[in-house]
1. Can you figure out the FRET efficiency of LEU79 with CYS58, using R₀ = 35 Å and their beta-carbon distance, to the nearest 0.05?
2. Just the number: Rg to Rh for the stretch 1-41, Cα atoms, Kirkwood Rh, two decimals.
3. With 23 Å as the cut-off, how large is the P(r) tail for the stretch 160-261, expressed as percent of Cα-Cα pairs?
4. How far is helix 2-32 tilted off the main Cα axis of the chain, in degrees rounded to 10, range 0 to 90?
5. Given that just one value was derived from the coordinates, which of [x] 48, 41, 38; [y] 52, 49, 38; [z] 72, 49, 39 is Cα extents along the principal axes in Å?
6. If each residue of separation counts as 0.36 nm, what is the full-extension length gain between ILE141 and ILE50 once their alpha-carbon separation is subtracted?
7. On C-alpha positions alone, give me the angle between the axis of helix 138-155 and the longest principal axis of the chain, in degrees, nearest 10.
8. Say R0 is 22 Å: what FRET efficiency, to the nearest 0.05, do LEU148 and PHE5 get from their beta-carbon distance?
Amino acid sequence: MAQSFWKKSFTYLSAKLAASGGLFLLFVLVTSGLDLYRWAEAASFLFFWILFYGYAFCFSITGDAVLLITRGSEGWFVLLKVMLHIIGGVLPFMVLGGGFTAGENESWPFILFFGFLGAICAVIYDAIFFFMRSKFPYTAIVAVTLLLLFIILSKADMTVTRDWKETQMDGSYEASFDYFRGKKAIKVELEQDQSLRFSVDWSPENSGGYGHHVLDKHDKLVPQYDTNEHGGTIRAEQAAPYRIVVTGDKLKGAVSVHWSVE
C-alpha cells in the first residue's frame, strides 16, 4: 500500500515537473525559434524559472487540491477548473502590473492581454500533464532531461564572434569585429565603497543591436547612478570583482570602453 502511494506521488510530481519543462520549452520555441543564443538568454532569466518551475508547478498542485476538496457535480467541476485556469493565468500579471492597487490603473490592458495568454498556457500545462501522467517512467526521464537542458543552457556561453580584435590596457578596452552576437565581460577589481565610473562608445557599421550593463560576482545586475546612454557609475558594496558587460546582436563595428576607480 505504502509503495503504491509513493509510486503514485512520484508519478504525479514527475508529470507536473515534465509539464513545467514542456511549457518552458514551448515558450522558448515560440518566442525564439531555433536560435540557441536566445534559448540561453531565456534559460538564464530567473523570472522564467520562477514562472514555469515555481509558480506554474505550485499553482497547479494547489488547484488540484482545491478540485479534490470541493468535489461536486460534473458541471461544477468543469466551471471551477475553468475559473482556476483564468485565475492562474491572470494572477502573476496582476502582481506585476499592480492590478491590486486602488483606483484607475493604466496597466489593465497589459494585465488582461497577458492574463489571457497566461490562461491559455495554463490549459496547455494541464494538457501536457494529463498526457504525461500515465507514461511513467518516461515522465521522469522527460522531466529530468528538460530540467538539465535548461540548467546547461543557463550556464552556457553562446557568444559568436568573427574577426574579433581586442586591446585592453589599464582603464580601457577596445575591440573591433565583423560579427558579434553575445556578450563580452571586462573585469574590474573594486574595494568596498569604491566607485567605478565608466563609459561605453559604440561604432556600429550595420543595424545590429548593442548594449551594456554591470554585474557583480554573483551575476546580479548592479544599480547605476549618474547614468546616460554611454555609461554611468556604480558603488561597490563589498570588495569583489565587478564586470562591465557589453552585448551585441548580429553587430558589425567596434566598441570602446573606458573606466576609472575613485
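Just so it is clear, none of the values below were taken in a lab; they were calculated from the coordinates. Because the structure is predicted, anything quoted here is derived from the model rather than measured. With ideal geometry, Cβ positions are generated from the backbone for all residues, glycine too; neighbour counts draw on all protein chains shown.
1. 0.95
2. Details: Rg = 15.6 Å, Rh = 12.0 Å.
Across the stretch 1-41, the Cα-based Rg/Rh ratio is 1.31.
3. More than 23 Å apart: 24 percent of the Cα pairs in the stretch 160-261.
4. Here the helix axis deviates by roughly 50 degrees.
5. Entry [z].
6. Residue separation times 0.36 nm, minus the Cα-Cα distance, leaves 30.6 nm.
7. Its long axis makes an angle of about 20 degrees.
8. E between LEU148 and PHE5, to the nearest 0.05, is 0.20.
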